[in-house]
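Engineer: Let me give you the structure first, and then I'll get to my questions.
The values are calculated or read from the model by the stated rules, or taken from the named source; none is laboratory data. The model shown is predicted, which means the values in this text are computed figures rather than measured ones. Methodologically, a virtual Cβ is constructed for each residue, glycine included, from the backbone with ideal geometry; neighbour enumeration extends over all protein chains shown.
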Amino acid sequence: MGRLIDQYIRNAEEREWAYKIDALAAGFAERAAAHDLQGSFPHENFAELQAAGYLKLTVPKEFGGDEASLHELVGLQERLAYGDGSTALAVGWHIGQVLHLRTTRKWPEQQFEKLCQAIVQEGAMINTLASEAGSGSPSRGGKPETAAIREDGGYRITGRKTFSTLSPILDRFVVTAYIPEEETVADFLVYKNEQVSIAETWDTLGMRGTGSHDVILDNVFTAEENRLTGKGTDDGGGWLLHIPACYLGIALAARDFVIHYAKTYRPNHLQGPLAELPAIQQSIGQMEAELRVARSLLYEAADRWDAEADNRPNLRPELGLAKYIATNHAIKVVDIAMRIVGGASLSRKLPLERYYRDVRAGLHNPPMDNMVLQTLASEALKEQ
Ligand SMILES: Cc1cc2nc3c(=O)[nH]c(=O)nc-3n(C[C@H](O)[C@H](O)[C@H](O)COP(=O)(O)OP(=O)(O)OC[C@H]3O[C@@H](n4cnc5c(N)ncnc54)[C@H](O)[C@@H]3O)c2cc1C
């Protein structure tokens, strides 16, 4: 019988990619506990992802990439997270944003082509640093305190960004900044130089290997052409499905771990292993229900986004729902897995306590639960 994680593989090409990523993820899993303990950034995982061609997964074919679909991205991100949630979430921002740039063409074409070439040739990565301590989640529309002041040929940017995932490895990134003289907010591409520093503040409950430190911009210059104008085509934000894919990957790892545990662990007062107990089978059934519902919504949303190019902005409620269900069900699956294992699940010797901490971070990635519910409510109330 096939594995649950393989359920949405559609063809030989996807299977080949999946097995390639499984091999990488198995190595990441071996290193995950150490990086989690130390809160260190897994540079070696990213070197392996680059060597495997993963960093160019979503780059358009015309610029030398694989031009993966959203369905393909989601499938591979689940598998990476199965090995290490932190690495998956971190690389997910990169490949997700490249997919977003590919479909929206929101950057000037030359800038996008230059980025793609740097990804393909040098393994460059990209992320957007938009969160700040004073303005909260950018998805709620807070005005950045980071400011961009115009000068000859470009802008000087000063500010401090929080939650800057991938900061230890990025040589360039996008920041949101307020331009006082225009009373507007814009995105700027910034190349790392001596005016950019990292404050190693990332010491969190979970997702400790994402390198999401604070990035401090001290009057850093960026050229006029690095002001990224326009929003391009509205793509509904489908690329954000890399987030639920990540948390479901963690839940799948917890599910597989506990099924193996239940089939092999027999306390000496029982005749057979835990898996033979009806109560344990009920719990396993609950995990399956949570996972299968969440994954069917996730892949359905990804498939619709891939197929309905002209309808993408209208898919926002479905995309948000997929994220809401996936992250909450993933939390529940890990919780059930720990209840099945019992007290041993608290030990750092088993991976479950890390899954439990990592999966919790999904609540604080966009779109947040209250925003999804608000969107669904607005849709309902608009109906005639
Ligand atoms: C692992 C991880 C990686 C991340 N990586 C990145 C990254 O690479 N780049 C990046 O820019 N950001 C990143 N983020 C940050 C993320 O996108 C959010 O900015 C961050 O989690 C803070 O969001 P918040 O909703 O808690 O903050 P806030 O907006 O400050 O909200 C604080 C609290 O107030 C409530 N609240 C705020 N406004 C309202 C309102 N209008 N109505 C009702 N309730 C409200 C919220 O529900 C929340 O409970 C990352 C976060 C995590 C956890």
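Engineer: Whether any residue in the range 97-109 is surrounded by fewer than 16 Cβ atoms within 10 Å (Cβ to Cβ), away from the ligand (no atom under 13 Å from the Cβ), polar (S, T, N, Q) and over 13 Å from the mean Cα position of the chain (by Cα) is what I want to check.
Structural biologist: Scanning the range 97-109 turns up no residue that is surrounded by fewer than 16 Cβ atoms within 10 Å (Cβ to Cβ), away from the ligand (no atom under 13 Å from the Cβ), polar (S, T, N, Q) and over 13 Å from the mean Cα position of the chain (by Cα).
Engineer: Just for the range 293-308: of the residues that are more than 18 Å from the chain's Cα centre (by Cα), assigned to a helix (DSSP H, G or I) and without any contact (Cβ under 8 Å) to a residue 40 or more places away in the chain, which one is nearest to Ile336 (Cα to Cα)?
Structural biologist: Among those residues, the one meeting the criterion is Val293.
Engineer: From the residues in the range 222-275 that are of a type in the set (A, V, I, L, M, F, W, C) and in contact with a Lys or Arg (Cβ under 8 Å, 6 or more places away or on another chain), which one is farthest from Ile95 (Cα to Cα)?
Structural biologist: Applying the filter and picking the extreme gives Leu274.
Engineer: If we scan the range 112-121, do we find a residue that is within 14 Å of the ligand (Cβ to nearest atom) and surrounded by 17 or more Cβ atoms within 10 Å (Cβ to Cβ)?
Structural biologist: Within the range 112-121, none of the residues are within 14 Å of the ligand (Cβ to nearest atom) and surrounded by 17 or more Cβ atoms within 10 Å (Cβ to Cβ).
Engineer: Given the condition crowded, with 24+ Cβ neighbours inside 10 Å, among the hydroxyl-bearing types (Ser, Thr, Tyr), within 12 Å of the ligand (Cβ to nearest atom) and outside the structural domain of Thr162 (by TED's automatic domain parsing), answer yes or no: does some residue in the range 324-335 qualify?
Structural biologist: yes
Engineer: Pick from Phe188, Phe173: which is touching a Phe, Trp or Tyr at 6+ places or on another chain (Cβ under 7 Å), within 16 Å of the ligand (Cβ to nearest atom) and of a type in the set (Phe, Trp, Tyr)?
Structural biologist: Answer to the selection: Phe188.
Engineer: If only one of Arg150, Arg160 is farther than 25 Å from Asn365 by Cα and not assigned by TED's automatic domain parsing to the domain that holds Ala88, which one is it?
Structural biologist: Sole residue among the options that is farther than 25 Å from Asn365 by Cα and not assigned by TED's automatic domain parsing to the domain that holds Ala88: Arg150.
Engineer: Another question about this same structure. Would you check which residues across the range 336-382 are more than 16 Å from the ligand (Cβ to nearest atom), among the charged types (D, E, K, R) and closer than 15 Å to Leu252 by Cα and list them?
Structural biologist: Glu353
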